[in-house]
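Here the structure comes first, spelled out in structure tokens, and everything after it is commentary.
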Amino acid sequence: MRTAFITGVGGQDGSYLAEQLLDLGWSVHALTRNDQAAAAQLPMGVSSHPGDLTDHESLQGALELALPDVVFNLAGSSSVARSWEDPAETVSVNSTAVAALLEATWRLRETTGNDIRFVQASSAEIFGNATEIPQHENCIICPVSPYGASKALAHNLVQIYRNRGMFAASAILYNHESPRRPVTFVTRKITSQVARIALGRADSLLLGNLEARRDWGWAPDYVDAMYRIATYSDAQDFVIATGQSHTVADFVSSAFGAVGISDWQQYVEIDQRFVRPADANEMRGDSSKAQRLLGWKPTVAFDEMVARMVRNDIILEKRSLSTPAYQEPEV
């Protein structure tokens, strides 16, 4: 039985990855916050190791207890918008913590003699102002946000440890979505609000830049790519993307289309609070290397992905409608 250690298991990707590995018969360990609520949210069968990304001793201790064959680092700050509000915190959890986890993995590898593998969830945001479209693994790294810069440093650290002799690989993930995406992300904000509008519970959707263009895929596909990277013969970096890009306006149109509304413009308002200080150029990835070497390919088309998210949000909204509001007891 192979053993995995996952950081960020409570997030969208972490939960899907844990479930896939458990289905494949792996033993799965996870770094979790030191509270009962975090442990209770773990998929059934996952062993919890309380700790924190910024507590490097706890990282080392958790790894020594888990004794993994593969370390999947999926944790960190994943919001580009939030990185502008607190760039120092973003660098701490997205870069410094990666350095600590890589070093802890290296030390455990040297101590045990086991060839422990390390897979980093990198990001298309490392390319930022890319002049090449689509982007591939050898494109120049030129981030335009604190988030992108933090992921770029982590990406370079992975390459440094690979050159040192460790199996260290990065999955350069383009935007990927699912019903498990938090509502703080623009995609889930769109689908949840469209569900509310369709059910008559809201009448507008506030957004920022509608022309931002991204390559959106289905999250479980991207998690499967990380598994394939971890089990490939040698450590390499892989772009994971659909190869097709859409604007935020396209995403909005698709979401409203899923509920039968074609004149979506009347419901959308631009709010300058949601416009970022700088936005990356068109993000569209070339995943031909992953398709050729890993046998990976996206399985869910853009409109179907959006429709699945909308349908799930409609179910959640209807469920909340059927739940009676809390009332103070009579005295």
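Scanning segment 106-136 for residues that are touching a helix residue (DSSP H, G or I) at 6+ places or on another chain (Cβ under 6 Å), at pLDDT 95 or above and either open to solvent by 70 Å² or more (accessible area, probe 1.4 Å) or in a loop (DSSP other than H, G, I, E, B) (or both) yields a count of 1. Which one is farthest from LEU173 (Cα to Cα) among residues in segment 76-99 that are open to solvent by 20 Å² or more (accessible area, probe 1.4 Å) and among the small types (Gly, Ala, Ser)? The extreme case among them is ALA88. The residues on offer are GLU57, GLU19, GLU64, and the sole one that is farther than 30 Å from SER233 by Cβ and surrounded by fewer than 21 Cβ atoms within 10 Å (Cβ to Cβ) is GLU57.
Answer yes or no: is there a residue in segment 320-328 that is in a helix (DSSP H, G or I), modelled with pLDDT of 90 or more and either of a type in the set (A, V, I, L, M, F, W, C) or open to solvent by 20 Å² or more (accessible area, probe 1.4 Å) (or both). Checking segment 320-328: not a single residue is in a helix (DSSP H, G or I), modelled with pLDDT of 90 or more and either of a type in the set (A, V, I, L, M, F, W, C) or open to solvent by 20 Å² or more (accessible area, probe 1.4 Å) (or both). For segment 188-219, a tally of residues being in a helix (DSSP H, G or I) and surrounded by fewer than 22 Cβ atoms within 10 Å (Cβ to Cβ) returns 5. For segment 220-273, a residue qualifies if it is among the polar types (S, T, N, Q), outside any helix (DSSP H, G or I) and buried (at least 18 other Cβ atoms within 10 Å of the Cβ), and the qualifying residues are THR242, SER245. Identify, please: which residue in segment 1-16 is within 21 Å of ASP115 (Cα to Cα) and modelled with pLDDT of 95 or more and is, among those, surrounded by the fewest Cβ atoms within 10 Å (Cβ to Cβ)? Of everything passing the filter in segment 1-16, ARG2 is surrounded by the fewest Cβ atoms within 10 Å (Cβ to Cβ). Scanning segment 284-306 for residues that are surrounded by 18 or more Cβ atoms within 10 Å (Cβ to Cβ) and among the hydroxyl-bearing types (Ser, Thr, Tyr) yields a total of 1.
The values are calculated or read from the model by the stated rules, or taken from the named source; none is laboratory data. Not measured: the values here are computed from a predicted model. Because the Cβ atoms are built from the backbone with ideal geometry, glycine has one as well, and the counts that use them run over all protein chains shown. Side chains included, ligands, DNA and RNA excluded: accessible areas come from the protein's heavy atoms. Shrake-Rupley method; radii C 1.70, N 1.55, O 1.52, S 1.80 Å.
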